[in-house]
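Written below as structure tokens is the structure these notes are about.
Just so it is clear, none of the values below were taken in a lab; they were calculated from the coordinates. The structure displayed is predicted, hence computed values, not measured ones. Cβ: placed from backbone, ideal geometry, glycine included. Neighbour counts: every protein chain shown.
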Amino acid sequence: MSSKLSQEPGSFRVIARGKLGDARIQGALDLSVTRLRDLRLDAWSGLEDVEGLRERAHELRMRVVDDLEGYLGQFQRSVEGLGGHVHRARTPEEASALIVAICERRGAKLVAKSKSMATEEIGLNGALEAAGIRPVETDLGEYILQLGGEHPVHIIAPAIEKTREQVAELFSAIEGREVPAELEALTASARRQLREVFLTADVGVTGCNMAVAETGTVAFVSNEGNARLVSSLPPCHVVVMGMERLVPTLDDLSVILRLLARSATGQKLTSYTTLITGPRREGETDGPEELHVVIIDNGRTNLLHGRYREMLACIRCGACLNVCPVFRKTGGAAYGPVYSGPMGAVLVPLYVGLGNAPDLPHASSLCGACTEACPVKIPLHELLLDLRRDMVDQGVSPRWERAAFTLWSLAWSTPLGYRLTTTLARLAQPLGAVVGPGRLWAAGRGLPAFARRRYRDRPRG
Ligand code: SF4
């Protein structure tokens, strides 16, 4: 179980309340997620038979989930046949220890990283720092967050809540002179700071958008080109991937890539789509001498055979975040340090156990917008409902909630109890008397007035 993803009960509400009260963050969120959502809708409308493509993507991802061990074995043989190394890690700690050991064996002091939620999931930066190795994020958004000591708040746009002025302040502190809060100046500053990292890093660490079982190919997409530099300049490349991130063939990869960029950023393809098949071969002029793929489980095996297995089809596009009315207001931090929005609300409790993330299944209006936006057709809102059911079955829901529903059920199981409670509610409504936890729910809602006479009491005929 990953304690790195766990949450204190009630923390969602506390963090969300802070974000809701911050007009700057509300403005930034609204602008960015609306833009990403509109770009996706435009891109999907230009795609022939988008429903057919979504069905295909769902089918091929579920084919992998149905025989995950078989595909993982095929992928491992393919990578090793090319001269690469494959490592399997059950927990975040095991994964981090494996990567630290690879770095130490090479005497590495500096690690260049490209954006990877899997490395966030295992807390890799902390583990490297503890071993005296300096990790540097090279994705612009991640680099900004690393300088500020913060976590990503969106899986595609990690620094979505930051303003230019805040970034300029961070960069000025690094450069020791004022960097203007203008896009060109900021990107030039980042380039100056990161160029040296690309050139001198001992090890490059990337994530993996998808890997191909048949060929041992690892694919990653980016718009900044940093992932390509991280994977080709340092002499050793470590890929960190969740164990489910596989497709059977290169043809299948093309289906996912057609949906991934369109759903994430509205592009037909991202600016850089990199496919790595093994380490550098004789006669090649670039690429790492040594390639390691670290495959992490971290709770995924527990999902393989149950109701939630469809969640393993996720391609981490972020489309569900951009349409979710809850995420659009609270932002990502409330969900915890790694996964947010509807996909995070489903995934995190499944990885860490409902008792370690009890707020998340409730972070949804169940409107179904996430399910409609998901390119691989994961029924997200249904899974959230199932999680709520599991919370009740496992006794994880708060005591007051269980007591309230038990009392309600008792009251409405007899005609006398039903009549008594509805009469009381009718009498109390003009007083505006919603009390207890219901008060918060009722605040800002206009409740319809009860009829003066109940339907059952009206004369028939
Ligand atoms: S759940 Fe679907 S929409 Fe959300 S990130 Fe995963 S693939 Fe994208």
Free-standing Cys residues across the chain, given no other cysteine C-beta under 4.7 angstrom: C103, C208, C236, C314, C317, C324, C367, C374
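What are the chymotrypsin sites (Phe, Trp or Tyr not before Pro) within segment 343-422 that DSSP puts in a loop, where the Cβ has at most 16 other Cβ atoms within 10 Å?
Values: sites: Y351, W400, F405, W408, W412, Y418; in loops: W412.
Within segment 343-422, the qualifying chymotrypsin sites (Phe, Trp or Tyr not before Pro) (loop, at most 16 other Cβ atoms within 10 Å) are W412.
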The chain: calculated mean residue ellipticity at 222 nm from DSSP helix runs of at least 4, using -39500 (n - 2.57): -15000 deg cm²/dmol
Within the chain: Cβ-based charge dipole about Cα centre, in debye rounded to nearest 20 (Lys, Arg +1; Asp, Glu -1): 2580 debye
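Multiply the residue gap between R419 and R177 by 0.36 nm, knock off their C-alpha separation, and tell me the result in nm, one decimal place. Please list the in-between numbers first.
On the way: separation 242, 0.36 × 242 = 87.12 nm, distance 7.38 nm.
Extending this stretch completely gives an extra 79.7 nm.
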Relative counts (whole %) of C-alpha pair distances in the chain, using bins that are 20 Å wide: 22, 52, 19, 5, 0
Where GluC sites (Glu not before Pro) fall in DSSP loop in segment 286-359, at most 15 other Cβ within 10 Å: E289
Nearest 10 degrees, 0 to 90: helix 92-105 Cα axis against the chain principal axis: 10 degrees
Rounded to 10°, Cα long-axis angle of helix 23-45 versus longest principal axis of the chain: 80 degrees
L304/R389 FRET efficiency (R0 22 Å; Cβ-Cβ; nearest 0.05): 0.60
Segment 175-270: GluC sites (Glu not before Pro) in DSSP coil with no more than 15 other Cβ atoms inside 10 Å: E178, E182
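By the gyration tensor of its Cα atoms, with a ≥ b ≥ c the square roots of the eigenvalues, what is the shape of segment 185-343: rounded for a/c under 1.5, prolate for a/b over b/c, or oblate? All intermediate terms of the calculation are to be shown ahead of the outcome.
On the way: a/c = 1.79, a/b = 1.26, b/c = 1.42.
In terms of gyration-tensor shape, oblate.
Quick one: if the Förster radius is 25 Å, what FRET efficiency do T163 and Q193 give, using the C-beta to C-beta distance and rounding to 0.05?
Values: r = 19 Å, r/R0 = 0.77.
Computed FRET efficiency for T163 and Q193 comes out at 0.85.
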Listed residue pairs exceeding 21 Å between alpha carbons, taken from K4/K115; K4/K377; K19/K113; K115/K162: K4/K377; K19/K113
Segment 1-117 shape via C-alpha gyration tensor axes, a/c threshold 1.5: oblate
Principal-axis tilt of helix 415-428 within the chain, Cα atoms, nearest 10 degrees: 80 degrees
Most positive-pole-ward Cα, I378, G353, Q429, against dipole of the chain from beta carbon charges: Q429
Estimated distance in nm for a label pair at A131 and E150, the labels positioned 7 Å out from Cα along Cα-to-Cβ: 2.9 nm
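Would you mind counting up the charge near H87? Only other residues with Cβ under 13 Å from its Cβ, with Lys and Arg at +1 and Asp and Glu at -1.
Values: positive: R88, R90, R105; negative: E80, E94, E290, D297.
Once all neighbours under 13 Å are counted, the net charge is -1.
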FRET efficiency for L31 and D66, using Cβ-Cβ distance with R0 set to 30 Å, rounded to 0.05: 0.15
Additional length obtainable on full extension of the chain from W412 to R105, 0.36 nm per residue less Cα span: 103.7 nm
